[in-house]
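Structure first, then comments.
The values are calculated or read from the model by the stated rules, or taken from the named source; none is laboratory data. Source: prediction; values computed, not measured. No Cβ is skipped: glycine too gets one built from the backbone with ideal geometry, and neighbour counts run over all protein chains shown. What goes into the accessible areas is simple: the full protein's heavy atoms, side chains included, and nothing from ligands, DNA or RNA. Shrake-Rupley method; radii C 1.70, N 1.55, O 1.52, S 1.80 Å.
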Amino acid sequence: MTQSLTIRRPDDWHLHLRDGDMLRAVLPHSASDFARAIIMPNLVPPVVTGAQAAAYRDRIMAALPEGADFTPLMTLYLTEDTDPNDVARAHAEGLIHAVKLYPAGATTNSASGVSNFDKVAPVLDRMAEIGLPLCTHGEVTDSEIDIFDREAVFIDRVLDPIRRAHPSLRVIMEHITTSDAADYVRSNDSGLAATITTHHLVINRNHILAGGIRPHYYCLPVAKRETHRLALRQAATSGDPRFFLGTDSAPHTDGAKLQPCGCAGCFTAPNTMSILAQVFEEDGALDKLEAFSSLNGPAFYGLPPNETRITLRREAPTHPASIDTPNGPVTVFDPGFDLNWTT
Ligand code: DOR
Ligand code: ZN
């Protein structure tokens, strides 16, 4: 039985670090295992300009623990007023690595997102020209569409038309939750990839709703039925370069989660690599973990893989069940099984 596994240091291609006290509390948990992360821009107010992204990057660097080796890869939040020149400038400076599309109202702090997709066509054209990828929160927001169908409908109504209108635009479907999304990614030869979260490899909708409601498993896009979870497992463990890790680790205090209307998000930064090692081992695919968490992402983003390595050991990890922040505790995602790998 394999007792240890050394892989190139992983990156997280979708991460929420927040700001201020929360940033300082959660950042060490990502920086300990991950070398780089694509940083989500859905702050309040959102990170919409290059100047705001530069200031946010400085705040992240200032919050890093002494000696940490972690590079935040910044993104801009796409609005109907986004200036293509500002985007191109921030990309040319090496500051931003993607632009994030939130359909208005789709999730946490998405009110400034896009309602009229025609209005962002000039920005998407410019991004296609300069090779800057678009990250998408792939859910329609139409209240008539069932929440469990919103990802599949997004592909038909929004994503596919965008890709046809901008064929050379590189697109990452973030945190996919359905076999429809995995199939859509596979049906394209190039320019399209998907991130998969840790939690969507572990939970289905029963975990959220059967036998009592479990707010700590509520995230967006919401976990779907078991067949979809299995399709995600298959995609993640296949080694297919179009699928890679984006944890979507999204900390909210317990006070914000345990409400009549609680926030969406699972905080997986502390135990993601332990969970993934177990998931990949269960599926007989430990040899594919490095591709998923350390190789496929940089290849799609046009960056070199990390030169440093981490070693996972077969040993029970010691992650806390929750972390303290000045605003209250944040519960760490509970995979519902005992973990036996540690970093
Ligand atoms: O569950 C989620 N939480 N999904 C998102 O898209 C946003 C995130 C957050 O920012 O809390
Ligand atoms: Zn997210």
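Residue-wise test of (1) aliphatic (A, V, I, L, M); (2) farther than 28 Å from residue 289 by Cβ; (3) open to solvent by 40 Å² or more (accessible area, probe 1.4 Å); (4) outside any loop (DSSP other than H, G, I, E, B).
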residue: 6; (1), (2), (3), (4): no, no, yes, yes
residue: 14; (1), (2), (3), (4): no, no, no, yes
residue: 25; (1), (2), (3), (4): yes, no, no, yes
residue: 28; (1), (2), (3), (4): no, no, yes, yes
residue: 42; (1), (2), (3), (4): no, yes, no, no
residue: 46; (1), (2), (3), (4): no, yes, no, no
residue: 52; (1), (2), (3), (4): no, yes, yes, yes
residue: 86; (1), (2), (3), (4): no, yes, no, yes
residue: 90; (1), (2), (3), (4): yes, yes, no, yes
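Taking first residues from the stretch 228-248 that are in contact (Cβ under 8 Å) with a residue 40 or more places away in the chain and partners that are among the β-branched types (Val, Ile, Thr) and in a helix (DSSP H, G or I), the Cβ contacts under 8 Å between residues at least 6 apart in sequence or on separate chains come to 233/279; 235/185; 236/279; 237/279; 242/185; 243/185; 245/272; 247/272. Evaluating residue 235 against the criteria (1) in contact with a Ser or Thr (Cβ under 7 Å, 6 or more places away or on another chain); (2) assigned to a helix (DSSP H, G or I); (3) within 21 Å of residue 181 (Cβ to Cβ) leaves one unmet condition, (1).
Regarding residue 105, is this residue at positive phi and within 16 Å of ligand 2 (Cβ to nearest atom)? Here the answer is yes, as residue 105 does meet what is asked.
Of the residues that sit in the stretch 238-250 and are crowded, with 19+ Cβ neighbours inside 10 Å and of a type in the set (S, T, N, Q), which one is nearest to residue 179 (Cα to Cα)? My answer is 247.
Within the stretch 188-204, restricting attention to residues that are over 14 Å from the mean Cα position of the chain (by Cα) and buried (at least 18 other Cβ atoms within 10 Å of the Cβ), the residue that is farthest from ligand 1 (Cβ to nearest atom) is 192. Only one of the listed residues (270, 251) is in contact (Cβ under 8 Å) with a residue 24 or more places away in the chain, out of contact with any Leu (no Cβ under 8 Å at 6 or more places or on another chain), within 16 Å of ligand 2 (Cβ to nearest atom) and not in a helix (DSSP H, G or I). That residue is 251.
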